[in-house]
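Okay, so here's the structure we're looking at.
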Amino acid sequence: MPVNEVPSSFGEADVLDVAVVGAGFAGMYMIHRLKGTGLSFRAFERGDGVGGTWFWNRYPGARCDVPSLQYSYSFSEELEQEWEWSEKYATQPEILAYANHVADRFDLRSHVTFDTEIVAVVWDADSAFWTLTTSAGDSVRARFVVAAVGALSAGKEPDIPGLESFAGMTLFTNRWPKDGVDLTGKTIGVIGTGSSGIQVIPVLAEHAREVTVYQRTPAYTLPAQNEVYDAAYLAEYKARYREHRAKARSTRTGLLLERRPEPALSVDEAERRRRYQECWDAGIFGCTASAFSDIVGDIAANETAAEFIREQIRDIVRDPAVAEDLIPRAYPFGTRRVCLDTGYYDAFNRDDVRLVNLRRDPIVEITPQGVRTASAERRHDVLVFATGFDAITGSFTRLGIVGRGGVRLEDVWSEAPRAYLGLQVSGFPNLFTVTGPSSPSILSNVLVSIEEHVDWITELLQHMADTGARTVEADPEAERQWYEEAAALVEGTLYPQADSYFMGTNIPGKPRVFLPYMGGVNAYHDKITQVARDGYTGLLFDVTASSRAAVGAEGR
Ligand code: NAP
């Protein structure tokens, strides 16, 4: 039975077969795939447009750090041929324009209810439906819920005393005003030096009267070496686009990047430096970490890469004291998300950019005038918070998901963020978590991971229609095994040595667990493909008597 002839309960007028939460890159592709199934569906999006992370993170300087030609959908050859990326690393407006183009080209927008935040998602075991409630108090029932909410979309609110008292303008990189904001001539304090802070700071410095950077943990960042794409390169790349896509999928990261097989200390220093310099000059995310086999596995190997980057910082930053404060030392290279920047270290050579090392001079409070640290109060017109996200789990738990027996996802994951294959949680039937915990998610080119998950979910829905299954959920034992398998991969690596959002430590109360699956996009693909091929091992299906009869009547 094709999926568009699913039993009647799937097609009731006032219920949906599938509710998709989010109209970012995952939600948009889910809509596109659902359009081909005949299932009734609708997406709900809290913003007033598509694009997800690229809809919200509109801060000056925002751009991707995966090459644009790779950070794009692969599902349509026509799309990849017709869309013209202008730069190696597209800016946020260009990526958002791409999202809008995709929405128009594939008629996705009419399937989305915008300005609609889902605040509760509750399972009813008797009817086997989810009820989704919006912040406006409306509700809709759906057989399946695809949470396509992004791994980095629940902002981390800065927990700094006095924040509410600040009399100037407060801005957040993860929800920058849609119409922009003129910061010319302002005195700005920036809190947070991850990818967002590192991108926004040099651009703010060009316009502001003065920028003070409050840095708690310095990041390892390499120059993006961004460039305008030339026509010949684009034509050549596009002529072999399929080949490039297939190759990217066969790597650990979903990027056109192979990890070199030899350990760092197996070559001499000159060769190590040559490779690190090559990566520094290339401006390719993940290049340095892939320069040798053991950069995130062996501390001595890691130090060689870390020390190379420290040298570059000392070279660029003229004031040696500032350079020393910008140098990361407290955690191994690559165990927190490495950044790519445009002019970050150079910005500290400006007279109007200051660095406050919060490890030495911690913030005491925010005052009506600015920021008081242990040593002084500094006055600001504007405070910019680039304080990050409740990564990988926060965007799901904030949906208020309540599964079988009234159990809250938030409570289940507060002990251990388990999800079988990163996609399904035991006790939460018919719920799918796109790029969820224990999947490659943010360790990968997330566009590859999104397409992988959405395709897999679509095929599972087809399988359920074919077999008359009403519900599907993770077998707790399979879920436990997957979780332990994923955890075992991290043991013996350097990742647990760092406090990071990978480890959940940026959010108070979150368990200290490495959240993404680090076995690689390629190994993960093999695993979930095999699971499907073997009849969805590790998933439990509930086939009702009526749907069995319906399937039987069609001679299956
Ligand atoms: P982030 O990497 O988590 O950085 C947050 C920063 O805020 C950290 O430096 C953190 O310091 C600091 N911070 C948080 N609370 C603080 C407090 N109370 N006082 C002082 N400092 C505080 O977040 P992000 O920069 O938004 O980046 C998150 C991820 O989004 C990136 O890793 C990347 O995956 C993605 N992203 C990508 C791009 C891109 O180029 N494509 C751009 C932006 C973001 P501590 O570490 O000491 O807590």
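Protein heavy-atom surface of region 476-522, 1.4 angstrom probe: 53% of the accessible area is carbon and sulfur, with nucleic acids and ligands not counted. For the chain, the percent of C-alpha pairs falling in each 20 Å distance bin, counted from 0 to the bin holding the largest distance, reads 21, 54, 23, 2.
On full extension, the segment bounded by Leu163 and Gln277 gains 36.8 nm, given 0.36 nm per residue less the C-alpha separation.
Taking 4 °C and 1.567 mPa s as conditions, region 480-532 diffuses translationally at an estimated 107 µm²/s according to Stokes-Einstein applied to its Kirkwood radius (Cα pairs). Peptides 175-181, 86-92 ranked from most to least packed give 86-92, 175-181, packing being the mean of other C-beta atoms within 10 angstrom over each peptide's residues. Electrostatic bookkeeping for Trp54 treats Lys and Arg as +1 and Asp and Glu as -1; over the other residues with beta carbon under 12 Å from its beta carbon, the sum is +1.
Ranked by the mean number of other Cβ atoms within 10 Å of their residues, highest first, the peptides 159-168, 128-137 fall in the order 128-137, 159-168.
For Thr221, nonlocal amide neighbours, meaning residues 5 or more places apart or on other chains whose placed amide H falls under 5 Å from its own, are Cys339. On a per residue basis, the convex hull of the C-alpha atoms belonging to region 275-335 measures out at 79 Å³. The calculated FRET efficiency for the pair Asp526 and Asp352, based on their C-beta separation and a Förster distance of 51 Å, comes to about 0.45.
Value of Rg to Rh for region 294-413, rounded to two decimals, is 1.09; Kirkwood radius and Rg both from alpha-carbon coordinates. Solvent-accessible surface of the chain, averaged per residue with a 1.4 angstrom probe and all protein chains in place: 39 square angstrom. In the context of the full protein assembly, Asp126 retains an accessible surface of approximately 140 Å², using a probe radius of 1.4 Å and ignoring ligands and nucleic acids. Please give the net charge around Thr373, taking every other residue with its beta carbon less than 13 angstrom from that of Thr373, where Lys and Arg add +1 and Asp and Glu add -1. Net charge around Thr373: +4. Remark on Val213: its backbone amide H falls under 5 Å from those of Val190, Arg354, Leu355, Val356, a criterion applied only to residues 5 or more positions apart or on other chains, H modelled at 1.01 Å from N. The HN-Hα couplings worked out from phi for region 121-133 by the Karplus form 6.51 cos²θ - 1.76 cosθ + 1.60 (θ = phi - 60°) are 9, 10, 8, 10, 5, 5, 8, 6, 10, 8, 10, 9, 10 Hz, whole numbers, x standing for Gly and Pro. Taking a quarter of the surface of the Cα convex hull of region 398-491 gives a mean projected area of 6.7 nm².
A Förster radius of 41 Å, combined with the Cβ-Cβ distance separating Phe114 from Thr505, puts the computed FRET efficiency at roughly 0.75.
Mean residue ellipticity, 222 nm, helices only, the chain: the sum of -39500 (n - 2.57) across DSSP H runs of n ≥ 4, divided by residue count and rounded to 500, is -9500 deg cm²/dmol. Expressed as a whole percent, the accessible area of region 243-287 that falls on carbon and sulfur atoms is 54 (1.4 Å probe).
Legend: residues Met464, Met518, sorted from most to least accessible area (1.4 Å probe; ligands, DNA and RNA excluded), read Met518, Met464.
Applying a 4.7 Å Cβ-Cβ cutoff to the chain leaves Cys64, Cys339 as cysteine residues with no disulfide-compatible partner.
Two numbers describe the Cα atoms of region 424-556: Rg and Dmax, which are 17.1, 58 Å. Note on Asp14 and Glu236: the extension gain reaches 74.9 nm, defined as 0.36 nm multiplied by sequence separation minus the Cα-Cα distance. Distance distribution note for region 215-336: the fraction of Cα pairs above 23 angstrom is 40%. Annotation: amide H of Phe389 within the under-5 Å range of Lys156, sequence separation 5 or more or interchain, hydrogens built in the peptide plane. Here nothing in the chain passes the span test, since no DSSP H helix has an alpha carbon length of 24 Å or more along the helix axis and a Kyte-Doolittle mean of 0.5 or above. The phi torsions of region 40-45, fed into the Karplus equation with coefficients 6.51, -1.76 and 1.60 and a -60° offset, translate into couplings of 7, 7, 7, 9, 10, 9 Hz, rounded to whole numbers, with Gly and Pro shown as x.
Gap in Å between the Cα centre of region 430-484 and the Cα centre of region 241-295? Each part's Cα centre sits 29 Å from the other's. Only protein atoms count toward the accessible area here, which uses a 1.4 Å probe; on region 316-432, the carbon and sulfur part of that area reaches 45 percent. Projected label points at Ser250 and Ala376, each 7 Å from Cα along the beta carbon direction, are separated by 5.8 nanometres.
What is the projected area of the convex hull of the Cα atoms of region 186-248, averaged over all directions, in nm²?
6.5 nm²
The values are calculated or read from the model by the stated rules, or taken from the named source; none is laboratory data. Because the structure is predicted, anything quoted here is derived from the model rather than measured. Cβ atoms come from the backbone with ideal geometry, glycine included; neighbour counts cover every protein chain shown. Note: accessible area is taken over every heavy atom of the protein model, side chains too, but ligands, DNA and RNA are not part of it. Shrake-Rupley method; radii C 1.70, N 1.55, O 1.52, S 1.80 Å.
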